[in-house]
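The values are calculated or read from the model by the stated rules, or taken from the named source; none is laboratory data. None of these values were measured; they are calculated from a predicted model. Ideal geometry is used to build each Cβ from the backbone, glycine not excepted, and the neighbour counts take in all protein chains shown. When the accessible area is computed, the model is the full protein with side chains, heavy atoms only, and any ligands, DNA or RNA have been set aside. Shrake-Rupley method; radii C 1.70, N 1.55, O 1.52, S 1.80 Å.
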Amino acid sequence: MGYSDELWARHAPIWEAVHRHPFVAGIGDGTLPVERFRYYIEQDYVFLLEYGRVLALAVAKGVELPSMARFAELLHATLNVEMALHRGYAARFGIYEGELARVAAAPTTYAYTRHLLATAYSGSIAEIGAALLPCQWGYAEIGRVLAARGEPAAAPLYAEWIRMYAGAEYRDLAAGLRDHFDALAAREGDAGRRRLAAAFHLSARYEWAFWEMSWRMERWPV
């Protein structure tokens, strides 16, 4: 069992809360109001832009070629595959590229991405992996669980979203990041592992917060 399994198990209450969240459950059964999903799509686009920057910093910080290659693969998948799919998917909800480019980060989106960027600038390559893992692995788990329950026949666009994150390509990317993180974590001592756990913990909390933000369609209060 790698260190990722230990961290995942420690955060079981957060994952349970994510899977119970009305936003995630609403995607699964097709009852999520479309305006909330539109909001999520817009904020997720902002998030992915910053996520790409974090991956680019991870490539730059890599010392060994396999590590650089792993994060470069994720960067390519994010900027050239996932973003293109995201733009096309958003257009089917009536959100076009020019509109996406004008979306400002909501408070939770801003806070989550600042956490990731701060980790990428100041942390080790292992800490970057720890901060990224709850998102990558968490989405693969959401896709797996929702797909196992059955796609919502009355909501084909939600069903497509589920297929994307339950699919083998996304699952393999998440597994690759997890395996790479475990290899890096195995080299860390107790102090290093505490830093990895702290980065993972904050990202896990932000994962739940991102769904909550989307459910409430959070806006800046002033």
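Applying a DSSP loop filter and a limit of 12 other Cβ atoms within 10 Å to the trypsin sites (Lys or Arg not before Pro) in region 157-196 leaves ARG187. With a ≥ b ≥ c taken as the square roots of the eigenvalues of the C-alpha gyration tensor of region 1-124, please select rounded if a/c is under 1.5 and otherwise prolate if a/b is larger than b/c or oblate if it is not? Oblate, since a/c reaches 1.5 and b/c is not below a/b.
In a DSSP loop and with at most 15 other Cβ atoms within 10 Å, the trypsin sites (Lys or Arg not before Pro) in region 62-140 are ARG92, ARG102. What's the angle, to the nearest 10 degrees (0 to 90), between helix 168-185's Cα axis and the longest principal axis of the chain? Taking Cα atoms only, the helix is inclined about 30 degrees. Measuring r between the beta carbons of ARG92 and ALA60 and using R0 = 41 Å, the FRET efficiency lands at 0.70. Here the translational diffusion coefficient of region 108-222 follows from Stokes-Einstein with Rh set to the Kirkwood radius across Cα pairs; for 37 °C and 0.692 mPa s it amounts to 211 µm²/s.
Largest GNM mean-square fluctuation across PHE93, PHE23, PHE200, computed for the chain with C-alpha springs under 10 Å, falls on PHE93.
Across the chain, the mean sequence separation of Cα contacts (distance under 8 Å, 6 or more residues apart), normalised by length, yields a relative contact order of 34 percent.
Looking at region 37-109, which GluC sites (Glu not before Pro) are DSSP coil and have at most 14 other C-beta atoms within 10 Å of their C-beta?
GLU64
Among LEU49, LEU75, LEU57, which one moves the most in a GNM of the chain with springs linking Cα atoms closer than 10 Å? Checking each option, the largest mean-square fluctuation is seen for LEU49. On the principal axes of its alpha carbon atoms, region 79-130 extends 39, 25, 14 Å, with the longest extent given first.
In order along region 24-32, the Karplus-derived 3J(HN,Hα) couplings, from 6.51 cos²θ - 1.76 cosθ + 1.60 at θ = phi - 60°, round to 5, 4, x, 5, x, 9, x, 9, 5 Hz, and Gly and Pro are given as x. Surface exposure of region 117-189, expressed per residue as accessible area with a 1.4 Å probe, stands at 41 Å².
Computed over the chain with a Gaussian network model linking Cα atoms closer than 10 Å, the most mobile of ASP44, ASP172, ASP29 is ASP172.
Counting charges near TRP137 (Lys, Arg +1; Asp, Glu -1) among other residues having Cβ under 13 Å from its Cβ returns a value of -3. Dividing the helix sum by the residues of the chain, where each DSSP H run of 4 or more adds -39500 (n - 2.57), gives a mean residue ellipticity at 222 nm of -26000 deg cm²/dmol. Tilt of helix 34-61 relative to the longest C-alpha principal axis of the chain, in degrees (0 to 90, nearest 10)? With both axes taken from Cα atoms, the answer is about 20 degrees.
Computed over all pairs of different Cα atoms, the Kirkwood value for the hydrodynamic radius of region 58-168 is 16.1 Å.
Placing a label point 7 Å from the Cα of ARG38 along the Cα-to-Cβ direction, the residues of region 88-131 whose backbone N falls under 16 Å of that point are 89-104.
Using alpha carbons only, the radius of gyration of the chain set against its Kirkwood radius gives Rg/Rh = 0.95. Stokes-Einstein diffusion of region 158-222 at 20 °C, 1.002 mPa s viscosity, Kirkwood radius from Cα pairs, rounded to a whole number: 146 µm²/s. Taking the protein heavy atoms of the chain in the context of the full set of protein chains, the accessible area attributed to carbon and sulfur is 57 percent at 1.4 Å.
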